[in-house]
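Down below is the structure, laid out as structure tokens.
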């Protein structure tokens with residue numbers, strides 16, 4: 001939540017799941033995260049039932065971004081989530097440490113749509129002319145970047161002070 005700049009609004013915990021309502025500070029985007037600690041499937045992965053349950057609950061609310069967190073997901077769950085624009089976060093694929101605490105990893109942040117338009121206008125460029133970064137990159141994953149976003153990377157240097165680079169997420 002901290003890396004993605006979410007502010008906690010509400011938190012509720014039941015048996016094996018935790019629901020978190022939050023909002024993004026810059027944009028006011030409403031986010032609903034559901035963490036499933038223990039799956040009922042033998043494999044330990046989260047199944048399509050949980051994705052469909054989340055989709056059904058979303059129909060009544062004004063949530064901008066749903067996120068489902070689990071140990072892993074079945075193929076059917078991934079397909080259903082993609083179809084319904086639900087982000088899946090696997091705790092198995094997350095690093096066991098905070099990536100951005102390492103001295104060699106610079107600060108990454110996603111530009112808002114307005115900031116991205118301003119950047120393109122300032123430099124008279126199109127997004128495809130910006131150097132690319134894959135959505136599967138660990139840093140991009142951690143901050144929640146998706147294809148089409150532009151990431152601002154701020155590097156600290158002893159000789160140059162700080163330098164800024166931009167990357168287009170593909």
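Taken together, the values in this text are just the output of simple stated rules run on the coordinates, not laboratory data. Everything quoted here is computed from the prediction, not taken from an experiment. A quick note on method: Cβ atoms are made from the backbone with ideal geometry, for glycine too, and the neighbour counts reach across all protein chains shown.
Things to note:
- Whole-number percent relative contact order across the chain, with pairs defined as alpha carbons under 8 Å at least 6 apart: 15
- Sequence of 58, 8 once ranked by neighbouring C-beta atoms within 10 Å, starting from the fewest: 8, 58
- Potential lengthening between residue 158 and residue 37 on full extension [0.36 nm per residue; Cα-Cα distance subtracted]: 39.2 nm
- Degrees, to the nearest 10: 48-58 long Cα axis against longest axis of the chain: 70
- MRE, 222 nm, helices only [DSSP H, n ≥ 4, -39500 (n - 2.57), over the chain, to nearest 500]: -6000 deg cm²/dmol
- Within the chain, DSSP assigns beta bridges of which about 70% are antiparallel (rounded to the nearest 5).
- Percent RCO, i.e. relative contact order, over the range 99-169, from Cα pairs under 8 Å lying at least 6 residues apart: 36
- The angle separating the long axis of helix 113-123 from the principal Cα axis of greatest extent in the chain is about 20 degrees.
- For the chain: rounded, prolate or oblate by the Cα gyration tensor [a/c cutoff 1.5]: prolate
- Relative contact order of the range 6-90, taken over Cα pairs closer than 8 Å and 6 or more residues apart, is 25 percent.
- 85, 35 arranged by Cβ crowding within 10 Å, fewest neighbours leading: 85, 35
- Rounded if a/c under 1.5, otherwise prolate or oblate - the range 82-165, Cα gyration tensor axes: oblate
- Shape category assigned to the range 41-131 from the gyration tensor of Cα positions, a/c cut at 1.5: oblate
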